[in-house]
Amino acid sequence: MIVLGIETSCDETAAAVVQRDGEARGAILANIVLSQTADHAAFGGVVPEIAARAHVEALDSIIAAALEAAGLGFADLDGVAATAGPGLIGGLIIGLSTAKAIAAAAGKPLVAVNHLEAHALTARLTDGLSFPYLLLLVSGGHTQIVKVAGVGDYRRWGSTIDDALGEAFDKTAKLLGLPYPGGPAVERAARGGDPTRFALPRPMVGRPGFDFSFSGLKTAVRHAAEDAAPLAERDVADLCAGFEAAVADVVADRVGRALTRFSGEEPGTRPALVVAGGVAANAALRARLGYVAAGAGARLVVPPPALCTDNGAMVAWAGAERLALGLADRSDAPARARWPLDAGAAPKLGHGRLGAKA
Ligand code: KG4
Ligand code: ZN
């Protein structure tokens, strides 16, 4: 089964072609990602209108480039998948409308993919993982611990009650005068820093449940930075190292607890912990999660960075997984700014008329 996947939910315009065989193994035939980071850098974050405009301008040629790289035409496809939510609505409408047009013109089934599901299923594409497994999704917009029990069967055990982890990295970078996106900048600055110099809090550590909180940590970094001002390079390095160490402690605590629960629910199987989202690129966090997984007798699976951050291959793969189960969507499938992965889990923030924001 060969599927075209389109991703436009945030600031990457991406298209990919993925093949899935009957044993649920995958091959990426093409994967093209155009990042808009430079368009948004001056604003210190993603500007929705700029993102939507950039998607309109780039998407057609990105899709053409993906098909050319795969050596295929529309007629060779078995389906067309696009991210339908959650995300920035302008970009979502552009990607989904394009997918609908291609599907209608070529007479192929359409799959309206949940972006979080695409992240959740990536480890099956890259590592052939079988269900169930535990997912830590840490990106600029999401911070969740999810039990992935099957295609379409997700239980959210915990999520952030305020900032997403990537957002906390980005805000910390901004207040320390580091460039956007903040994650890589904080990680670079932290090298050689002293993580023990500033006493920073570890929000939620030791609490029952699996939720996260990062806004208090970010505020503590701001206060420490104000006290130490004017900041020399050494101060910034120590603050970044302290922030990273606090984040690692918090994530290790939450994930450690989740692995214990997972083992209780799935006795006799070796648990697998999958880490996805842009923050999975953080080496200190990955190393720490390696220890946590080893301590729990679990296997740690971290897809390569290019497949952890937003991309079209994960969307194509999620589309292929759904099509394999006969789960195509109608041509009136809506784009959805909000679309929780686990509809049964209570929203933690942004609980409006349309449901959970994150
Ligand atoms: O998954 P992603 O590319 O986009 C979405 O948010 O959906 O994640 C981007 C986030 C940003 O907040 C960025 O600062 C963070 O991932 N990030 C990192 C690192 N690389 C990217 N955070 C910490 N350390 C990194 N090396
Ligand atoms: Zn994402």
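The values are calculated or read from the model by the stated rules, or taken from the named source; none is laboratory data. None of these values were measured; they are calculated from a predicted model. Here Cβ is always computed from backbone atoms with ideal geometry, including for glycine, and neighbour counts include all displayed protein chains. These accessible areas exclude ligands, DNA and RNA; they are computed on the full protein's heavy atoms, side chains included. Shrake-Rupley method; radii C 1.70, N 1.55, O 1.52, S 1.80 Å.
Listed values, structure above:
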item: Antiparallel bridge percentage (DSSP; both residues within the stretch 131-305; nearest 5); result: 60
item: Glu49-Ile89 pseudo-label distance in nm [points 7 Å out on the Cα-to-Cβ vector]; result: 1.6
item: Viscosity 1.002 mPa s, temperature 20 °C, Stokes-Einstein D of the stretch 131-305 from Kirkwood C-alpha radius, µm²/s; result: 131
item: Mean separation of Cα contacts under 8 Å, 6 or more apart, over the residue count of the stretch 35-169: relative contact order %; result: 15
item: Whole-number D in µm²/s for the chain (Stokes-Einstein; Kirkwood sum over Cα pairs; 25 °C, 0.890 mPa s); result: 118
item: Beta bridges by DSSP in the chain, antiparallel share as percent, to the nearest 5; result: 65
item: Å² of accessible area per residue within the chain, as computed with a 1.4 Å probe and no ligands counted; result: 40
item: In the chain, lysine pairs closer than 16 Å at Cα, eight or more apart or cross-chain; result: 4
item: DSSP bridge pairs, the stretch 68-220: antiparallel proportion in percent, nearest 5; result: 65
item: Relative contact order of the stretch 214-328, defined on C-alpha pairs under 8 angstrom at six or more residues apart (%); result: 22
item: Exposure ranking of Glu167, Glu7, Glu187 by accessible area [1.4 Å probe, largest first]; result: Glu167, Glu187, Glu7
item: Net lengthening on full extension, Thr219/Ala283 (0.36 nm per residue, minus Cα-Cα); result: 20.7 nm
item: Nearest-ten-degree value, helix 215-228 long axis tilted from longest Cα axis of the chain; result: 40
item: Zone residues, the stretch 130-144, relative to Glu266, backbone N less than 12 Å from point 7 Å out along Cα-to-Cβ; result: 130-136
item: Approximate spin-label separation Asp78-Arg191, in nm, with each point projected 7 Å along Cα-to-Cβ; result: 4.4
item: Carbon plus sulfur fraction of accessible area for the chain, probe 1.4 Å, in percent; result: 54
item: Segment Arg330-Asp227, extension gain: residue separation times 0.36 nm, minus the distance between their alpha carbons; result: 31.4 nm
